[in-house]
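Asks: Below you'll find the structure I mean.
The values are calculated or read from the model by the stated rules, or taken from the named source; none is laboratory data. Not measured: the values here are computed from a predicted model. In this analysis, Cβ positions are derived from the backbone assuming ideal geometry, glycine residues included, and neighbour counts consider all displayed protein chains.
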Amino acid sequence: MELTNETSWQTAFASFMEPFGQFFKRSESRASAGQYVRGLLAEVKRKNCWQLAEVMGEVHPDGLQHLLYGADWNADAVCQQLRAIVAQQMGYEPGIGVIDESGFVKKGVCSAGVKRQYCGRVGKIENCQVGVYLGYIAPHGHALLDRELYVPQEWCEDAVRRAKAKIPDELTFQTKPALALQMLQRAWAEGIPLQWVVGDSAYGNASTLREAIAAAGRYYALEIPKSARIRSPMGVLETVETFSLSLPMAAWTRYALSLSEQGLRESDWTAQRIVSATDDLGEQWLLVRRSLSNPADITYFLSNAPAHTDLDTLAAVAGARYHVEHLLEEANGTAGLGHYEVRHWHSWYRHMTLALLAHAWLTTLRHRDAQKKSASAALLAAAQSG
C-alpha cells in the first residue's frame, strides 16, 4: 500500500468515512462508527465490542455497544452509500453480482434467527445465524454490496422470541432466494452496473428467482443440481447429468479460469441450448464445467444469456462465482464479518454494515494502489518509447 505512515493512513481513512457521517445523528455516534470500523481492521483474534474497545484504548465498550444497540442511525442508508461508492470506484458494464450465504456459529437461542441449521463455514448442522450477501465482481477488485439476515419460519411464527430479539412486526418469512432478489432489486434501482447474476444451486434451483432476474432484463449464470430436468434439442426430457454424459469430446473446450495453491486450475466447459423443465423462459443455455483432476467433479449452470453469447463469456461469468468464497473469507478474517456478539435484529444489520465498510476500505486501498502502479507503468512505457 502507498499509505506509508500513520498520518497518511488517518487522512485517507477520514476521507473514506466522511460520506457516511450524514447518517449518524450525533457526533458521538459518528466517532464511534469510525472507531468500530478501525477496530475491525485491527489484528486481534476476536473483534467483539470488548476487544475493539481495548485495541482502541477505551476503558469500556459502552460507546461501541450503544452504537450497535441504541444510537440513532440508519444502517440501510449507510449500506446504500457504500454501494454508491463501490459503483463509483469499481463499477463497470456489464457488472457481475454474486449471491451467497455464510453461517456464523453462535451460542444460545436468543440471537435473532439463530437455530440449528446447515452452516457452510463448518460444513455441518450447527447452532448458527445465516446471512445472505450480494457481492460485486469487477476487474479492479471485489466488494460486498449488501446483506440480509435469514430469519427461519419458526422464528417468524414466535411472537415472544421476535419481540425479545427486536424483529420488526412487519417482517415476514422470506426464503434465501427471496432475500437475494431483494438485494438485487435494490442495486438495480440505485443504478449499480450489474447485468449478470451468479450463485450456487441454492439460488439457481429457485425458478422464481431466475424468472425475476430475466423479467428485470438481466442475465444469470446460476448453478443447478445434477438432477435438474431439461428438454434437450432432440426433445428428450432428461436430467442435466444424463444429457451431459452423452455429449461428444468435441463439445468440450478447456479453460484456465482460476488460480489454486498448485497454480492455474483448468477445467473443461461446454454450453448447449436446452429448455428447462422448471420455468417458462423457453430456450436457454446449459453450461457444464468438468474438473480435469477429478472428472466426477461436474458443475451445471443455467443461463438466460442471448443465443449469440459465446462460450468464453459464459464460462468467465459462471467462473466468477468462486470469487465470493474468497470474498466472504477475507471479510470475515480481516474485517470481522462474523466476529459479533449481538442479539437484536437491527444490531446484526449494524455490525454487518460496518464490517462491509471495513472490507470496502481495504478494497479501495488496493484499487488506488493498482491505479498508481498502472499510471507509473504507463509513464515508464511512454518514457522508454520516447
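Asks: Would you point out the residue of the stretch 95-115, among those that are assigned to a loop (DSSP other than H, G, I, E, B) and in contact with a Pro (Cβ under 7 Å, 6 or more places away or on another chain), that is modelled with the highest pLDDT?
Replies: GLY113
Asks: Out of the residues in the stretch 94-119 that are surrounded by 15 or more Cβ atoms within 10 Å (Cβ to Cβ) and among the basic types (Lys, Arg), which is farthest from ALA178 (Cα to Cα)?
Replies: Residue satisfying both the conditions and the ranking: LYS106.
Asks: Tell me, please, whether a residue that is assigned to a strand (DSSP E or B), touching a strand residue (DSSP E or B) at 6+ places or on another chain (Cβ under 6 Å) and within 25 Å of GLU223 (Cα to Cα) can be found in the stretch 150-157.
Replies: Scanning the stretch 150-157 turns up at least one residue that is assigned to a strand (DSSP E or B), touching a strand residue (DSSP E or B) at 6+ places or on another chain (Cβ under 6 Å) and within 25 Å of GLU223 (Cα to Cα).
Asks: How about the stretch 157-204: which of its residues are within 22 Å of GLU101 (Cα to Cα) and acidic (Asp, Glu)?
Replies: ASP200
Asks: Among the residues of the stretch 211-230 satisfying the criterion of being closer than 15 Å to LEU287 by Cα and among the basic types (Lys, Arg), which is farthest from the chain's Cα centre (by Cα)?
Replies: Per the criteria, the residue is ARG229.
Asks: Kindly provide the set of residues from the stretch 6-55 that are part of a helix (DSSP H, G or I), of a type in the set (Val, Ile, Thr) and surrounded by 15 or more Cβ atoms within 10 Å (Cβ to Cβ), ordered by number.
Replies: VAL37, VAL55
Asks: Using the structure shown, decide if LEU64 is in contact with a Leu (Cβ under 8 Å, 6 or more places away or on another chain), modelled with pLDDT under 80 and in a helix (DSSP H, G or I).
Replies: Judged against the criteria, LEU64 is not a match.
Asks: Of the conditions (1) touching a residue at least 40 places away in the same chain (Cβ under 8 Å); (2) assigned to a strand (DSSP E or B); (3) hydroxyl-bearing (Ser, Thr, Tyr), TYR118 fails just one. Which one is it?
Replies: (1)
Asks: If you check HIS339 against the conditions, is it at pLDDT below 95, under 24 Å from ALA77 (Cβ atoms) and not in a strand (DSSP E or B)?
Replies: yes
Asks: Another question, if that's okay. Counting residues that are touching a Ser or Thr at 6+ places or on another chain (Cβ under 7 Å) and touching a residue at least 12 places away in the same chain (Cβ under 8 Å), which strands (runs of 3 or more DSSP E) fully inside the stretch 160-242 reach at least 2?
Replies: 219-224, 229-231
Asks: Separate question: Can you name every residue in the stretch 323-341 that is surrounded by fewer than 23 Cβ atoms within 10 Å (Cβ to Cβ) and β-branched (Val, Ile, Thr)?
Replies: Result: THR334, single match.
Asks: Confirm whether VAL275 is assigned to a strand (DSSP E or B) and under 28 Å from LEU145 (Cα atoms).
Replies: Against the criterion (assigned to a strand (DSSP E or B) and under 28 Å from LEU145 (Cα atoms)), VAL275 does not qualify.
Asks: Just a yes or no: is a residue in the stretch 250-262 closer than 24 Å to HIS323 by Cα, at pLDDT 95 or above and not hydroxyl-bearing (Ser, Thr, Tyr)?
Replies: yes
Asks: Now, a different point. Which one is surrounded by the most Cβ atoms within 10 Å (Cβ to Cβ) among residues in the stretch 121-155 that are of a type in the set (A, V, I, L, M) and over 16 Å from MET90 (Cα atoms)?
Replies: Filtering first and then ranking leaves VAL132.
Asks: Let me confirm something: among ALA71, ALA87, which residue is in contact with a helix residue (DSSP H, G or I) (Cβ under 8 Å, 6 or more places away or on another chain) and touching a residue at least 24 places away in the same chain (Cβ under 8 Å)?
Replies: ALA71
Asks: Being aromatic (Phe, Trp, Tyr) and at pLDDT below 95 is true for just one of PHE20, PHE13. Which residue is that?
Replies: PHE13
Asks: Additional query: Need the failing condition index for ASN294 against (1) free of Cβ contacts under 8 Å to residues at least 24 places away in the same chain; (2) in a strand (DSSP E or B), just the number.
Replies: Among (1) free of Cβ contacts under 8 Å to residues at least 24 places away in the same chain; (2) in a strand (DSSP E or B), the lone unmet condition for ASN294 is (2).
Asks: Quick one: is HIS351 part of a helix (DSSP H, G or I) and either in contact with a strand residue (DSSP E or B) (Cβ under 8 Å, 6 or more places away or on another chain) or within 18 Å of GLY34 (Cα to Cα) (or both)?
Replies: Yes.
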